[in-house]
Amino acid sequence: DITRNSDNLASGRKTGTGTGSLDRLNDLAMAYRLRWKRRRLLWRSLRKRRQLTPVIDRTAQIAPDDILGLSTVRNEALRLPYFLNHHRRLGVRHFLIVDNASDDGTREFLTAQPDVSLWVTDHSYKRSRFGVDWLTWLQMRHAHGHWCLTLDADECLIYPHWETRPLPALCAWLECRGRESFGALMLDMYPKGRLGEHSYHAGDDPFGTLSWFDAGNYMIRRKSDLGNLWIQGGARARAFFAQDPRRAPTMGKVPLVKWNRRYAYVSSTHALLPRRLNHVYDDRGGEITSGVLLHSKFLNTVVERAGVEKQRQEHFANSPLYDAYYDALTGDPDLWSAHSTRLTGWRQLEAMGLMSRGGWV
């Protein structure tokens, strides 16, 4: 249970930091290291700005209260029509997007969108910290003071009451409670049957087909340095990493942040600095409002793309360790099992503890 069992996460933690001078010194040393880490990340992003070439810059259109969407994409012409429309409906007013050497029409499609500013690069995705360095520069330059939704093109945010309450309402509510960040669980969605059997057309709702998920096989631990929740599980952990579940992808993210030019993501959107922004859970046993990122990775196109990504080795820090994962995807697997759950709506996810209304009623 992601939202209700956070009290268990604190069970092994010391009950106070003022009980001895050693604890105090350790806290000061950690704060010092993280402060310098954040500065190094910001400086790194400043240098990486030279790798970006603007294609169309419409940032002059950004109004002071606009919510911004950010993403690094490669060959996502199929997903982007639905991705953009979904988040437009939520209330994102402008998108800052980096295209990493697409050759499927992605660049042309994005250039034609009136609410998109686009930059391109053919530099290494992995060596840019999986696109984070590029996006951090754009946030430094254009997003100071804005709520920012940072996503991959295969992620769609939902949250309690998302059909009737747009993001501006959620962000205003968070601000009234002194919150600058909002957490979400990435939920792997998949079809019933082999992945390649289910066709998909640009603009369609991918979750009409990818309508199944794993409801309860999640492991949670709290990172001692950054204070973020390290969540693993879901269909990928079950189907591809059963023998070594600690290598499974991380599912906890902090995608929505009231941005300041001094902030920096550390590992994708799994954690950021300052570390207070990672406290998107209640460690006293209560609940804090949270959402879910519906993950559309398992469209039929993943079967072909797996072989390409295995050769590129751009998506994991230790890419050769994940060759078996790509091989399994190339084999066109069926991820459905007798324990799979069909998605019916956000209230179902809340009842399962995968998201929470908190005090937002």
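Brief remarks follow.
- Pairs from the list LYS192/LYS223; LYS48/LYS253; LYS126/LYS258 with a Cα-Cα gap above 32 Å: LYS192/LYS223.
- Selection from ALA264, GLY331, THR250 lying farthest towards where the dipole of the chain points positive, charges on Cβ: ALA264
- Local electrostatic count, TRP360, Cβ distance below 13 Å [Lys/Arg +1, Asp/Glu -1]: +1
- Using a probe radius of 1.4 angstrom, the carbon and sulfur fraction of the accessible surface of the chain is 49%.
- Heavy-atom accessible area per residue - the chain, 1.4 Å, Å²: 45 Å²
- Antiparallel DSSP beta bridges within the chain, as percent of all bridges there, nearest 5: 55 percent
- Comparing MET30, MET251, MET219 in a Gaussian network model of the chain where C-alpha atoms under 10 Å apart are linked, the largest mean-square fluctuation is found at MET30.
- For the chain, the residue among GLY227, ASN75, SER128 whose Cα projects farthest onto the positive side of the dipole built from Cβ charges is GLY227.
- Region 171-176 - phi-based ³J(HN,Hα) in whole Hz, Karplus 6.51/-1.76/1.60, Gly and Pro as x: 5, 5, 5, 4, 4, 4
- For region 184-191, the Karplus equation 6.51 cos²θ - 1.76 cosθ + 1.60, evaluated at θ = phi - 60°, returns couplings of 8, 8, 7, 10, 5, 9, 8, x Hz by residue, with Gly and Pro reported as x.
The values are calculated or read from the model by the stated rules, or taken from the named source; none is laboratory data. This one's a predicted model, so the numbers in the text were calculated from it and none came from an experiment. Reconstructed Cβ throughout: ideal geometry from the backbone, glycine too, with neighbour counts over all protein chains shown. In case anyone asks, the SASA skips ligands and DNA or RNA and just uses the protein heavy atoms, side chains included. Shrake-Rupley method; radii C 1.70, N 1.55, O 1.52, S 1.80 Å.
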